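Single-structure report; data block below.
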Amino acid sequence: MQTFAEIATLREQIKQYKRDGRSIAFVPTMGNLHEGHLTLMRKAREHADIVVASIFVNPMQFERSDDLNNYPRTLEDDLSKLANEGIEIVFTPTPDVIYPNGTDKQSFVEVPGLSNILEGVSRPGHFRGVATVVTKLFNIVQPEVACFGEKDFQQLAVIQKMTEDLALDIKIVNVPTVREMDGLAMSSRNNLLTMDERQRAPVLARTMRWISSAIRGGRDDYASIIEDASDQLRAAGLQPDEIFIRDANSLGVVSTETTQVVILMSAFLGQARLIDNQVVDLTTDTKEEANVESSSESAE
Ligand code: PAF
């Protein structure tokens, strides 16, 4: 495995691979790698000869400096996990390499209609920061394929639209969320939880499944579902941040045209802001879905 911190040397190696007729798949990360990231790496491997990963905690997508400073950084451990996965190249730039003139003077990419709604309202500038760094990394790595997790549902929608709008010749592959045995979505932020908080954290996924069952059971009084769900989170000691029930394709409000809704949830627990999401297909037979739900609950 080769590790590059500079753009020029990374580009040279990638050009060499391309001259040799090798295809490139890319997985951008902010490090603190867990099984969810490694699943992205394995998916990338299915799509190309060479897998390039990046590890860069992107200052442009953090609105709060304490959040940026607290973000877990575990480079050595990350590199050994990537080496075990047989990753060919890891790009580990410093902020100066990505933003030589600082983030304020950086040209940016904005995805209208998606960047400033939902999570973008409470985190202004977040999706601009994500879209900008991903575009920049795409331009540096020049992959044919890039893999992103469905756990960051709005991020995935932003990246898909940006890729389409800017006619980037890159196939975006979305990879389902990887969960712990108790249902908690894997996330680098889980490392910020104390042992007691970790015990309580799966309530987020459980509450999401409760919302999903309510919708599949025919309820469409979304405001009161969200209120009940917030109460359930509070009762378990989580501080609800945002819960949205939206059209899964447009992220707009649910209408008579909607065939799939997405439940988007975030909550604070100690130092961590946990997020999760679930898509509910409104066209699927409710009874069948209910059976799947109860058998997956008993498996946990
Ligand atoms: O999902 C992440 O880890 C980050 O938002 C990404 C896509 C690597 C951009 O910094």
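The values are calculated or read from the model by the stated rules, or taken from the named source; none is laboratory data. Keep in mind that this is a model prediction, so the values were computed, not measured. Methodologically, a virtual Cβ is constructed for each residue, glycine included, from the backbone with ideal geometry; neighbour enumeration extends over all protein chains shown. Calculation scope for accessible area: heavy atoms of the full protein, side chains included, ligands and nucleic acids excluded. Shrake-Rupley method; radii C 1.70, N 1.55, O 1.52, S 1.80 Å.
For segment 33-105, the C-alpha radius of gyration sits at 1.25 times the compact-globule guess of 2.2 N^0.38 Å, with N the residue count.
Rolling a 1.4 Å sphere over the protein heavy atoms, what is the accessible area per residue of segment 138-284, to the nearest Å²? All intermediate terms of the calculation are to be shown ahead of the outcome.
Values: 6640 Å² over 147 residues.
Accessible area per residue: 45 Å².
The mean accessible area for residues of segment 42-117, using a 1.4 Å probe and ignoring ligands and nucleic acids, is 51 Å² per residue. Dipole check for the chain: with +1 at the C-beta of Lys and Arg, -1 at the C-beta of Asp and Glu, and the Cα centre as origin, the magnitude is about 720 Debye.
Among the trypsin sites (Lys or Arg not before Pro) in segment 1-46, which ones are in a DSSP loop with at most 15 other Cβ atoms within 10 Å of the Cβ? Mind listing them?
Working: sites: R11, K15, K18, R19, R22, R42, K43, R45; in loops: R22.
Within segment 1-46, the qualifying trypsin sites (Lys or Arg not before Pro) (loop, at most 15 other Cβ atoms within 10 Å) are R22.
Between the C-alpha center of segment 149-191 and that of segment 5-42 there is a gap of 17 Å. Within the straight-line cut-off of under 15 Å between alpha carbons, the aspartates and glutamates reachable from K105 are D96, sequence neighbours fewer than 8 places apart in one chain being disregarded. Charge tally for D66 (other residues, Cβ to Cβ under 15 Å; Lys, Arg +1; Asp, Glu -1): +3. In the structure shown, the pairs K151/K171; K15/K151; K15/K171; K136/K171; K136/K161 are assessed against 22 Å; a Cα-Cα span above that value is assigned to K15/K151. In the chain, the DSSP beta bridges split such that about 50 percent are antiparallel, to the nearest 5.
Seen from A223, the other residues with C-beta closer than 14 Å to its C-beta sum to a net charge of -4, counting Lys and Arg as +1 and Asp and Glu as -1.
So, counting K/R as plus one and D/E as minus one, what does the shell of residues with Cβ under 14 Å around A235 add up to?
Values: positive: R200, R206, R234; negative: E227, D228, D231.
Result for the local shell: 0.
Rounded to the nearest 20, the size of the Cβ-charge dipole of segment 19-105 about its Cα centre is 260 debye, with Lys and Arg at +1 and Asp and Glu at -1. I87 contributes about 10 Å² of solvent-accessible surface, heavy atoms of the protein only, 1.4 Å probe. The coefficient of translational diffusion for segment 138-251, derived via Stokes-Einstein from the alpha carbon Kirkwood radius under 4 °C and 1.567 mPa s, stands at 79 µm²/s.
Only protein atoms count toward the accessible area here, which uses a 1.4 Å probe; on the chain, the carbon and sulfur part of that area reaches 48 percent. Shown here for segment 1-56: GluC sites (Glu not before Pro) in loop regions (DSSP other than H, G, I, E, B) with at most 11 other Cβ atoms within 10 Å, of which there are none.
Do you know the relative contact order of segment 1-143, to the nearest whole percent, from alpha carbon pairs under 8 angstrom that are 6+ apart? After rounding, I find 33 percent.
Which value in deg cm²/dmol, rounded to the nearest 500, describes the helix-derived mean residue ellipticity at 222 nm for the chain, given -39,500 (n - 2.57) per DSSP H run of n ≥ 4 and division by the residue count? Write out the running numbers ahead of the final one.
Working: 12 runs with 127 residues, N = 300.
Result for the chain: -12500 deg cm²/dmol, rounded to the nearest 500.
When the Cα positions of V145, H37, S107 are compared along the charge dipole of the chain, S107 comes out farthest toward the positive end, with charges on each C-beta of Lys, Arg, Asp and Glu.
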